[in-house]
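Participant: Structure provided below as structure tokens; questions to follow.
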Amino acid sequence: MDEAQNNRLGALQAKGKQFALTEVERFELLSLLQIYQLGQLRKSEALAEAARRGLRFSLSP
């Protein structure tokens with residue numbers, strides 16, 4: 001997920017907590033959440049593969 005998508009996701013989530021989202025905004029939010037979840041899955045798979053290969057890594061940024 002790029003920075004613009006991440007910012008938009010945050011904006012839609014914040015708006016959704018205060019106001020009702022439009023149908024278009026809800027669809028956009030769901031789409032961005034899918035992109036986010038896919039990114040998290042890929043990170044998890046990469047960490048699992050690195051561990052399987054015995055690579056050392058830090059989870060701290």
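Participant: Among the residues of segment 36-54, are any touching a Leu at 6+ places or on another chain (Cβ under 7 Å), modelled with pLDDT of 95 or more and not polar (S, T, N, Q)?
Facilitator: Taking segment 36-54 and keeping what is touching a Leu at 6+ places or on another chain (Cβ under 7 Å), we get 36.
Checking the rest, the ones that are also modelled with pLDDT of 95 or more come to 36.
Now drop any that are not not polar (S, T, N, Q), which leaves 36.
Scanning segment 36-54 turns up at least one residue that is touching a Leu at 6+ places or on another chain (Cβ under 7 Å), modelled with pLDDT of 95 or more and not polar (S, T, N, Q).
Participant: Enumerate the pairs (first residue in segment 39-54 and in contact (Cβ under 8 Å) with a residue 12 or more places away in the chain; second residue anywhere and surrounded by 10 or more Cβ atoms within 10 Å (Cβ to Cβ) and part of a helix (DSSP H, G or I)) with beta-carbon separation below 9 Å, excluding pairs fewer than 6 apart on the same chain, so at least 6 apart or on different chains.
Facilitator: none
Participant: Can you tell me which of G10, G16 is in a helix (DSSP H, G or I), modelled with pLDDT of 95 or more and surrounded by 12 or more Cβ atoms within 10 Å (Cβ to Cβ)?
Facilitator: Of G10, G16, the one residue that is in a helix (DSSP H, G or I), modelled with pLDDT of 95 or more and surrounded by 12 or more Cβ atoms within 10 Å (Cβ to Cβ) is G16.
Participant: Across segment 1-50, which residue is nearest to P61 (Cα to Cα) among those that are in contact with an Asp or Glu (Cβ under 8 Å, 6 or more places away or on another chain) and not basic (K, R)? Steps first, please.
Facilitator: The initial filter retains those residues of segment 1-50 that are in contact with an Asp or Glu (Cβ under 8 Å, 6 or more places away or on another chain), namely 8, 12, 15-16.
Those left that are additionally not basic (K, R): 12, 16.
Working: L12: 26, G16: 29 Å.
This residue is L12.
Participant: Another question, then. Please give the number of the condition S60 fails out of (1) surrounded by 10 or more Cβ atoms within 10 Å (Cβ to Cβ); (2) among the hydroxyl-bearing types (S, T, Y); (3) not in a helix (DSSP H, G or I).
Facilitator: Of the numbered conditions (1) surrounded by 10 or more Cβ atoms within 10 Å (Cβ to Cβ); (2) among the hydroxyl-bearing types (S, T, Y); (3) not in a helix (DSSP H, G or I), the odd one out for S60 is (1).
Participant: Quick check on R26: is it of a type outside the set (A, V, I, L, M, F, W, C), touching a helix residue (DSSP H, G or I) at 6+ places or on another chain (Cβ under 7 Å) and either loosely packed, with under 11 Cβ neighbours inside 10 Å or in a helix (DSSP H, G or I) (or both)?
Facilitator: On the way: of a type outside the set (A, V, I, L, M, F, W, C): yes; touching a helix residue (DSSP H, G or I) at 6+ places or on another chain (Cβ under 7 Å): no; either loosely packed, with under 11 Cβ neighbours inside 10 Å or in a helix (DSSP H, G or I) (or both): yes.
No, not satisfied.
The values are calculated or read from the model by the stated rules, or taken from the named source; none is laboratory data. All values derive from a computational prediction rather than experimental measurement. Note that each Cβ is placed from the backbone with ideal geometry, even for glycine, and that neighbours are counted across all protein chains shown.
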